[in-house]
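A short write-up of the structure that comes next.
Every number here is computed from the coordinates shown, using simple stated rules; none is lab data. Just so it is clear, the model here is predicted, and its values are computed rather than measured. Because the Cβ atoms are built from the backbone with ideal geometry, glycine has one as well, and the counts that use them run over all protein chains shown.
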Amino acid sequence: MVSSGPSGTWSNPHGVEQGNVPSLLRRVADSIEELGPVEVQDLILHNEITADGLRPSLTVYFHPIQPEHNAP
């Protein structure tokens, strides 16, 4: 994942399985769960044309969810 603020971009490794969108979606879902509580704002699917065929990537825009603090 490459992250710059409240977003991240994921793709499969280069090679034979680089175009496997279900694998990419699983990779992204697992990574988002590892981030902890976040609110996803947007998802954008991109396709890069490579010598090995299309290489999709998914950019996810999100914001961390802050726990609510109750004043005593």
Mean-square fluctuation maximum in Gaussian network of the chain, Cα pairs under 10 Å, restricted to 11, 23, 57, hits 23
Among 61, 25, 46, the residue whose Cα sits farthest towards the positive end of the charge dipole of the chain, when +1 is placed on the Cβ of each Lys and Arg and -1 on the Cβ of each Asp and Glu, is 46
Restricting to Cα pairs under 8 Å and 6 or more apart, the percent relative contact order of the chain works out to 37 percent
Candidate cut points under GluC sites (Glu not before Pro) in the range 1-67, DSSP loop plus at most 16 other Cβ atoms within 10 Å of their own Cβ, are 17
Tilt, helix 21-35 to longest principal axis of the chain (alpha-carbon atoms), in degrees rounded to tens, equals 30 degrees
Toy charge model, Lys and Arg Cβ at +1, Asp and Glu Cβ at -1: the chain dipole around Cα centroid in debye, rounded to 20, equals 140 debye
